[in-house]
1. Tally Lys/Arg at +1 and Asp/Glu at -1 over every other residue whose Cβ is under 14 Å from the Cβ of C185; what's the total?
2. Just for the chain, what percent of DSSP beta bridges are antiparallel, to the closest 5?
3. Do the sum for the chain: with -39,500 (n - 2.57) for every DSSP H run of n ≥ 4, divided by all residues, what is the mean residue ellipticity at 222 nm, to the nearest 500 deg cm²/dmol?
4. Between A198 and residues 5 or more places away or on another chain, which pairs have amide H atoms under 5 Å apart, with H built 1.01 Å from N, and which residues are they?
5. Could you compute the longest span of the chain free of chymotrypsin sites (Phe, Trp or Tyr not before Pro) located in DSSP loops and having at most 15 other Cβ atoms within 10 Å, not counting the site residues?
6. Could you please put C227, C204 in sequence from largest to smallest accessible area, using a 1.4 Å probe?
7. Can you give me the accessible area per residue for segment 147-220, using a 1.4 Å probe, in Å²?
8. Quantify, in whole percent, the carbon and sulfur part of the accessible surface of segment 30-88 (1.4 Å probe; protein heavy atoms only).
Amino acid sequence: SSDLKQLPNVDAVWQGVRDLLAEVFSERADLRESIRRLAWKTGRIKSTVVDAQVEAATPFRDYFDHSEPVGKIPPHRILAFNRGEGAGVLRIHVVWDADQSQQAAESCLQLARLRNQTFLRPVVADALERLVHPSLERELRRELTAKASAQAVAVFARNLRKLLLQPPVPGQCVLAIDPGFRTGCKVAILDATGRLLAQDLVYCTGSAEKLAATRTRLAELLREHGCRLI
């Protein structure tokens, strides 16, 4: 009785059959692997802007309408896409050729040998679009992010090693500046032994008054600590 209510007519029964077959097809490891290889070979990662007018969108303006092959995208761009998506500025999608996907899936299923291929062809298309593609898109993005993160850590470690091993500046008081636009520039005064003498935050963008205050503050720090090296 309850089953009859869930499937009130023949069309509903056939749709249920299609849905079940689509799930079966989407769970086949050989089919997924075939589409996965195709995605890495022909796929492109695309970014589009959500709202170009919001302030948070400015750092990502190069990616408002961007497309690049999945296999060639540099790690720093993957991380930028993720930051833009996390900030709600960008929409990121991985796309690949639907016709080639259909052909690869049909070949994997040996659809040409089946008598009911006319019935099964749209079922395969549904399985690809609704189940396989979204799943593989998430998988590809996880792999891209993992590789990009590992490379970023390696680069940071290499740069930090160079920084820590660089020879000191003997007998000099140093003004160190970590540049930043929106969040400001972090400033530190170090004595000849590397001991922290003072720290502050100044801005290199903004109104004329803010820039004048920055110049005044930097001059005060330099004079106060006898600093001659920036």
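1. +3
2. 95 percent
3. -17000 deg cm²/dmol
4. When sequence neighbours closer than 5 places are left aside, the close amide H contacts are I189.
5. 65-180
6. Of C227, C204, the descending order of accessible area is C204, C227.
7. 72 Å²
8. Working: 1680 of 3410 Å².
Roughly 49 percent, rounded to a whole number.
The values are calculated or read from the model by the stated rules, or taken from the named source; none is laboratory data. What you see is a predicted model; the values in this text were computed from it and never measured. So basically every Cβ, Gly included, is an ideal-geometry build from the backbone, and we count neighbours across all protein chains shown. When the accessible area is computed, the model is the full protein with side chains, heavy atoms only, and any ligands, DNA or RNA have been set aside. Shrake-Rupley method; radii C 1.70, N 1.55, O 1.52, S 1.80 Å.
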